[in-house]
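> Handing you a structure now.
The values are calculated or read from the model by the stated rules, or taken from the named source; none is laboratory data. Note that the coordinates shown come from a computational prediction; the quantities given were computed from them, not determined experimentally. Heavy atoms of the whole protein, side chains included, go into the accessibility calculation; ligands, DNA and RNA do not. Shrake-Rupley method; radii C 1.70, N 1.55, O 1.52, S 1.80 Å.
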Amino acid sequence: MEGDIAQLGQFIGAGLGAIGSGLAAIGVGNVAANYLAGALRNPSAAASQTATLFIGLAFAEALGIFSFLVALLLMFAV
């Protein structure tokens with residue numbers, strides 16, 4: 001009985017950790033959408049903003065990878 005409750009806690013924790021991966025996808029979409037909106041408003045400045053775009057994408061994607069890692073750790077290591 002006690003092992004079942006611990007396993008249930010692992011699954012719930014992993015599911016909550018996996019939500020972060022979906023939220024990271026929303027963040028990546030926001031970064032890309034804002035870049036495109038700015039590039040369409042001022043096409044001459046778009047080339048200078050690509051570095052900022054890639055930095056924003058990397059940070060948003062890193063948070064998703066970290067949350068996925070936490071979900072895996074909760075599933076298999078705890």
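> Can you give the angle from 0 to 90° between the axis of helix 2-41 and the longest principal axis of the chain, with both taken from C-alpha atoms, to the nearest 10?
The two axes meet at around 0 degrees.
> With a probe of 1.4 Å, find how much accessible area the chain has per residue, and write the answer as a whole number in Å².
Per residue, the chain has 71 Å² of solvent-accessible surface.
> Given a cut-off of under 8 Å on Cα pairs at least six residues apart, what relative contact order in percent is computed for the chain?
Averaging sequence separation for qualifying contacts and normalising by length gives 55 percent for the chain.
> Using a 1.4 Å probe on the protein chains only, how many percent of the accessible area of the chain belongs to carbon and sulfur?
Roughly 75 percent, rounded to a whole number.
> To continue, here is another question. Pulled fully out, how much extra length does the chain show between residue 44 and residue 65, if you take 0.36 nm times their separation in residues and subtract their Cα-Cα distance?
This chain segment gains 4.2 nm when fully extended.
> Quick check: residue separation of residue 57 and residue 72 times 0.36 nm, minus the Cα distance between them. What number comes out in nm?
Result for the pair: 3.1 nm of gain on full extension.
> Averaged across orientations, what area in nm² does the convex hull of the alpha carbons in the chain project?
The Cα convex hull of the chain, projected and averaged over all directions, gives 5.0 nm².
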